[in-house]
1. Karplus couplings for region 560-572 from phi (6.51 cos²θ - 1.76 cosθ + 1.60, θ = phi - 60°), rounded to Hz, Gly and Pro as x?
2. Can you give the net charge of the other residues whose Cβ lies under 15 Å from the Cβ of Glu316, counting K and R as +1 and D and E as -1?
3. Could you give the spread of the C-alpha atoms of region 535-628 along their three principal axes, from largest to smallest, in whole angstroms?
4. Find the all-direction average of the projected area of the Cα convex hull for the chain, expressing the result in square nanometres with one decimal place.
5. Please report, for the Cα atoms of region 143-183, the Rg to one decimal and the Dmax as a whole number; what are they, in angstrom?
6. Kindly write out, for region 313-328 in residue order, the coupling ³J(HN,Hα) from the Karplus curve 6.51 cos²θ - 1.76 cosθ + 1.60 (θ = phi - 60°), rounded to whole Hz, with x marking Gly and Pro.
7. Place +1 on the Cβ of every Lys and Arg and -1 on the Cβ of every Asp and Glu in the chain, take the dipole about the Cα centre, and give the residue among Ser74, Thr446, Asn387 whose Cα lies farthest towards its positive end.
8. Put +1 on the Cβ of each Lys and Arg and -1 on the Cβ of each Asp and Glu in the chain; which of Val596, Cys140, Ala51 then has its Cα farthest toward the positive end of the dipole?
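The values are calculated or read from the model by the stated rules, or taken from the named source; none is laboratory data. Because the structure is predicted, anything quoted here is derived from the model rather than measured. All Cβ positions, even for glycine, are placed from backbone atoms using ideal geometry, and neighbour counts span all protein chains on display. For accessibility, only protein heavy atoms count, side chains too; no ligands or nucleic acids. Shrake-Rupley method; radii C 1.70, N 1.55, O 1.52, S 1.80 Å.
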Amino acid sequence: MRKRHLIIAIPIMAIIAMICFIPMQVSAAIRITIKSGESLPLYKDYYALVAGVSEYHRWPDLPNASKDAREVKSVLDGIGFNVKLLLNPTSRELKVALSDLVFQVGRERDRALLFYFSGHGETLTLADGTELGYIIPSDCPLKGRDPSGFDDKAISMKEIEELALKVSSKHLLMIFDSCFSGSLFNIVKAAPMDITEKSTRPVRQFITAGGAGEQVPDRSTFKIVFLDGIQGYADLNGDGYVTGSELGMHLQDKVVNYTRGGQHPQYGKINNPKLDKGDFIFRLASSGSIIEEPGRASLSVESNVVGARVLIDGREVGTTPLTDMEVSPGEHMIRVEKHSYDSYRKRIRLEAGRSMSMYVDLSPALPEKGRLFVETEPEDANVRITNIGQSFYQGIELESGRYRVEVTADSYEKKSMWVTLDAGEDKSLDIRLKRVTAAKKGKAFTNSIGMKFVLIPSGTFTMGSPSDEAGRESDERQHHVTISKDFYMQATEVNQGQWQAIMGSNPSYFKNCGNNCPVEKVSWNDCQEFIKRLNQKDGTDKYRLPTEAEWEYACRGGSTTAFTNGGITELKCGYDPNLAAIGWYCGNAGKKTHPVAQKDPNTWGLYDMHGNVWEWCQDWYGRDYPSGNVTDPKGPSSGKYRVLRGGCWSGFVRDCRSANRGGNYPGNRSLNVGFRVARDF
């Protein structure tokens, strides 16, 4: 089966933290005392990016991954790290956060950087037989069902390696509570050694929870052992510090034991002679590694905005960047502000002999409300926002949120859609209504075995989905299609009684549903035989399967939204009011098919175009739509899969969208696949 949509189951920018607050321990830096008694400078400070992904769009959810990330942040906070927490990031959000780690925070040479990721991992075998590991953001598609989308969204260890090489900070430790395989940057293992001057040299270290094929449980043993380790259990030589090498050995030993061989953590250093000499060093609470410089306290403030005013206890002391401003020990209120930006306030405590550095990310100030404009054709159409009580007017000011816009006019089809409005945004909609034609008012016929057909008029429409439609896939590129001839479409899916009348048998799994339930467990080849016999019975050659373009044109009925009656508000099996009104899906079907024509029809009188059973189309499946305008397209001349459309009783909400595409082998039969018949006019 080609596509993630055919599920046979019964039972801009990242959201960047507004404030990046980086404490610098002392002007003399964090120092360590080695066994010889010598005091060595180590770091200026510690910084960590911690990401956890619990809610996936396509992959199984990991409910505890975000909880684990919060626990890791809490422990790192307690041992002196400044931590940025990122929960359920999309691919773009995670890539931006990693870029910030490298090019903003990672510019400081004497900063210790740590990246911790909790979520799915995957392994891809390359053409030369080598394996490449990936970490999986929340919006990444499945590798086997959308390889191109997977490659675009997943973050490979090759990309991680390239980022690691661009970091200026001398020590970087990356920890992946995920399982994947591959060379992992050709890492080399190093046995833990006593800390020496050599340990302070640059290093890039990596630890993963397991290899390819190993399952990371949602309740992570790796996380538990990791947190124990950095709080002292991985101090294998008892010197009051935990090195990256000690931590890797500790995890490898304990996790393998606790999971009874179910997970085999991997660890090591990058195979680069200039980046494999040092060792990341965690300072334990008992190590006494902070050296204080008595007699002064100082404050430095950096910001993404140059020239922002810095105020201490209400008194302006300078502008950003502010360096080594002497401040009396004790509590102080810090404010950073600049016109057209949201101001930043934070209470801090300065101790004698310490300096503190702050990085403040000021965000442009936004108006509290957005404005909505709607242009219509015809111009006198009535515009309503149905989920608020306020009457619409051009430029109406609305709080940030989602609004359902409905446009109506006499002798025109109604059109409605959900729109998202952000604070400070001016959004303009151009909504053109279509006149109701005679065909739309019910020109139809019924054939010899009771199959009702509706006339679909010729016309032009936009096939595919807009880039901002929730749930869309990469094979839904929008393009203009002209259907040059009127045609008939069966008003319902072929039911079991109609199949029995032509074929003399009933292959359906849900036979007890009755003759008026859709026939299923029919292959594309079976449908061709049904159509052949139907043509023979009625003495014609006009019955056929619809093309994929005809199917979507008929399904939309003039709409441009995710469903024929409006937009999409849910992706999986939750309640979606638009889909619930017109179709059966995993959220309302009760794990079975239902009699046809029980839900609302579309504007052309077609029932169950969304859900109940997938519907075969005539075309071979081709991933890439044409790039220009086309007339009466029939798909590729050959292929591996035949097209399926419409979603089904066991499918997610997103699978039932008008633009969603699926496919299957033409000889396969499934209990959630049926069809409807088209007829030439």
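1. 10, 9, 4, 10, 4, 10, x, x, 10, 10, 9, 9, 9
2. Every neighbour counted, the sum reads +3.
3. Projected onto the principal axes, the Cα atoms of region 535-628 cover 44, 38, 24 Å.
4. 35.3
5. Rg and Dmax of region 143-183, Cα atoms, are 12.9, 40 Å.
6. These are the phi-based 3J(HN,Hα) values: 6, x, 10, 6, 10, x, 10, 6, x, 9, 10, 6, 7, 6, 9, 5 Hz.
7. Thr446
8. Towards the positive end, the residue furthest out is Val596.
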